[in-house]
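Below is one structure, written out as structure tokens, with a few remarks after it.
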Amino acid sequence: QKEVEQDPGPLSVPEGAIVSLNCTYSNSAFQYFMWYRQYSRKGPELLMYTYSSGNKEDGRFTAQVDKSSKYISLFIRDSQPSDSATYLCAMSAGGFKTIFGAGTRLFVKA
Amino acid sequence: SAVISQKPSRDICQRGTSLTIQCQVDSQVTMMFWYRQQPGQSLTLIATANQGSEATYESGFVIDKFPISRPNLTFSTLTVSNMSPEDSSIYLCSVEGFRSNEQFFGPGTRLTVL
């Protein structure tokens, strides 16, 4: 079993939809949870950063961490075609060792 | 966030040759990281490079195959040696951010080995 599981998609939604992206993990020591967005032929870009449990909101993006279920989510409201990208979850117990999910490809259709 | 550039952005190489990838950061950073990203797979850490010390390699990666230099606080190189088609991948460098485990990535180098 992988430490971090992420559905690769692709996920295709119409413009304006609410998108839900998820990851599960097995290591209960993870404390730092990140979401990266990666456009085609570009490097990953840090989108959301959360420490421990709870929710964090930034504009149209909301990150949720449920440590009891070992489950993290990224919600995108009012999705736009420019949100079409691969979204990578990432998590760490500290010490600069970060484990990445395989990424979910998202397509937002105009 | 740091601005990171990589050279080359892409290359096509012959089996048995070597390629050196450069990573330049616009500010001084202590920790730099090299990752490999294969199609459909997660980012895999190759090694961590601190200025002034030997790079620390992850399991499955060895210095003879992936020698790394870190001559100063803004620059690092990764060499992919004696390449085979299995080395075809995207290679990414990243640097530490201000928050714990935060990283900023370069644009990547897309390598194809024939």
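Values in this text are rule-based calculations from the coordinates and carry no lab data. Quantities reported herein were computed from a predicted structural model and do not represent experimental measurements. Note that we place each Cβ from the backbone using ideal geometry, even for glycine, and neighbour counts take in every protein chain shown.
What the table shows:
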item	result
Reachable lysines from B:K7, criterion Cα separation under 28 angstrom, eight or more residues apart if same chain	A:K42, A:K97, B:K65
Region B:54-102: GluC sites (Glu not before Pro) falling in loop per DSSP and having at most 12 other Cβ within 10 Å	B:E54
Percent RCO, i.e. relative contact order, over chain B, from Cα pairs under 8 Å lying at least 6 residues apart	36
Relative exposure of B:M31, A:M91, B:M83, judged by other C-beta atoms within 10 Å (fewest first)	B:M31, B:M83, A:M91
Cysteines (scope chain B) whose Cβ has no counterpart Cys Cβ under 4.7 Å	B:C13
Centroid-to-centroid separation of region B:8-44 and region A:44-110 [C-alpha atoms, Å]	24
Local net charge near B:L73, Cβ-Cβ under 14 Å (Lys/Arg +1, Asp/Glu -1)	-1
Fewest-first sequence of A:C89, A:C23 by Cβ atoms within 10 Å of each Cβ	A:C23, A:C89
Estimated dipole of chain A in Debye, rounded to 20 [Cβ of Lys and Arg +1, of Asp and Glu -1, Cα centre]	220
Summed residue charge, Cβ within 11 Å of A:Q38's Cβ, Lys/Arg positive, Asp/Glu negative	+3
Neighbour net charge for B:Q38 - beta-carbon separation under 13 angstrom, K R +1, D E -1	0
³J(HN,Hα), Karplus 6.51/-1.76/1.60, whole Hz, each residue of region A:36-43, x for Gly, Pro	10, 10, 10, 7, 4, 6, 10, x
Dipole of region B:1-65, positive direction: furthest Cα of B:T17, B:S5, B:S53, with charges on the beta-carbon	B:T17
Table column - 3J(HN,Hα) (Hz), region B:26-35, Karplus curve with 6.51, -1.76, 1.60, x for Gly and Pro	7, 8, 6, 9, 7, 9, 10, 10, 10, 10
Sequence of A:V19, B:V62, B:V80 once ranked by neighbouring C-beta atoms within 10 Å, starting from the fewest	B:V62, A:V19, B:V80
For region A:91-103, Karplus couplings with θ = phi - 60° (6.51, -1.76, 1.60), whole Hz, Gly/Pro x	8, 8, 8, x, x, 6, 8, 10, 9, 9, x, 6, x
